[in-house]
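Chemist: Just passing along the structure, written as structure tokens.
The values are calculated or read from the model by the stated rules, or taken from the named source; none is laboratory data. Treat the numbers as computed from the prediction; the structure is a model and nothing was measured. Neighbour counts run over all protein chains shown; Cβ positions are idealised from the backbone, glycine included. Just so you know, the surface numbers come from the protein's heavy atoms only, side chains and all, with ligands and any DNA or RNA stripped out. Shrake-Rupley method; radii C 1.70, N 1.55, O 1.52, S 1.80 Å.
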Amino acid sequence: GANTVNGNRLTINLDTGTLPGVIFTLPGVWDIPLVGQNYTAPLLTADGSRALLSSAVTDPITGTPSTRIAVVNTLTGAQTGTTLTLPGEQFGSRMASLDGSRALIVTSVYDGRTSTNNLRLAVIDTTTGAQTGATTTLIGFLNGGVLYSADTTRAVVTAISSNFNTTGVATTQVAVIDTSAGNQVGATLTLTPDNGLTVLSANGVRALVNTSAQTVVLNTVNGSQ
């Protein structure tokens with residue numbers, strides 16, 4: 001059977017020991033055996049005034065995982081905006097701007113029927129708690145982590161997939177994301193085979209992708225090759 005569990009969150013004023021706000025709840029669902037609990041540490045802005053919390057939810061009927069995201073004002077203890085539900089399991093999320101106003105949420109949506117994975121990337125505005133821009137989707141699993149330009153306005157994401165049960169052609173996909181607007185910049189680059197690694201120049205305006213069979217340089221300003 002399925003059981004509903006609630007993850008309670010609260011903030012504490014460390015100077016006074018008091019609770020500045022109310023306790024609020026991020027609901028989660030687990031099935032027996034225990035599945036989908038998320039022990040990811042909260043993401044904090046540089047000044048610690050806002051925290052982005054997440055919890056994992058597994059549908060007890062379909063077994064489909066999703067991730068719930070909430071932003072909390074740590075000064076008042078109140079939630080900012082409403083709770084977001086994103087498909088897939090969270091992996092590799094982090095703050096994506098120097099001022100902490102943006103967070104890049106990375107989730108993986110795996111289809112066991114075809115042994116394929118979709119990597120989904122969504123930018124959250126931590127000042128409102130809402131998603132900004134459109135979700136970027138790549139085929140495959142995150143490889144090498146998300147890379148950021150020095151000013152954090154660009155994120156470069158690499159996904160690799162064997163595509164064993166679909167096209168049978170192993171691929172590396174690379175996308176550039178504008179972390180301010182939350183949208184992908186330029187088109188998705190698809191290379192072969194599925195061992196691609198990406199490195200950034202010191203200033204982050206160029207990305208070099210090498211799959212051993214192919215090598216490409218990307219302009220991260222406009223996403224073009």
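Chemist: For residues in the stretch 132-151 being in contact with an Asp or Glu (Cβ under 9 Å, 6 or more places away or on another chain) and at positive phi, which is most open to solvent (accessible area, probe 1.4 Å)?
Modeler: Gly133
Chemist: Report the residue count in the stretch 89-141 for those that are at pLDDT below 95, closer than 20 Å to Thr158 by Cα and of a type outside the set (A, V, I, L, M, F, W, C).
Modeler: Total meeting the criteria: 10.
Chemist: A further question follows. Out of all the residues in the stretch 182-195, is one or more under 30 Å from Thr76 (Cα atoms) and buried (at least 18 other Cβ atoms within 10 Å of the Cβ)? Give the steps one after another, and end with the answer.
Modeler: If we filter the stretch 182-195 for residues that are under 30 Å from Thr76 (Cα atoms), which is where we start, we get 182.
Narrowing further to those that are buried (at least 18 other Cβ atoms within 10 Å of the Cβ): 182.
The answer is yes, given that some residue of the stretch 182-195 is under 30 Å from Thr76 (Cα atoms) and buried (at least 18 other Cβ atoms within 10 Å of the Cβ).
Chemist: Give just the number: which of (1) assigned to a loop (DSSP other than H, G, I, E, B); (2) closer than 23 Å to Asn117 by Cβ does Val221 not satisfy?
Modeler: In the conditions (1) assigned to a loop (DSSP other than H, G, I, E, B); (2) closer than 23 Å to Asn117 by Cβ, Val221 misses (2) alone.
Chemist: Those residues that are buried (at least 18 other Cβ atoms within 10 Å of the Cβ), in contact with a Gly (Cβ under 7 Å, 6 or more places away or on another chain) and assigned to a loop (DSSP other than H, G, I, E, B), I need them from the stretch 56-96; list them, please.
Modeler: Thr74, Gly77
Chemist: Further question on the same structure: How about the stretch 97-122: which of its residues are under 30 Å from Asp151 (Cα atoms) and outside any strand (DSSP E or B)?
Modeler: Listed by number, the residues that qualify are Ser97, Leu98, Asp99, Gly100, Ser101.
Chemist: Filter the stretch 152-170 for residues that are open to solvent by 30 Å² or more (accessible area, probe 1.4 Å) and without any contact (Cβ under 8 Å) to a residue 60 or more places away in the chain and give the result. Walk me through it before giving the result.
Modeler: Pass one, the stretch 152-170, residues open to solvent by 30 Å² or more (accessible area, probe 1.4 Å): 153-154, 160, 162, 164-169.
Passing the criteria: Thr153, Ile160, Ser162, Phe164, Asn165, Thr166, Thr167, Gly168, Val169.
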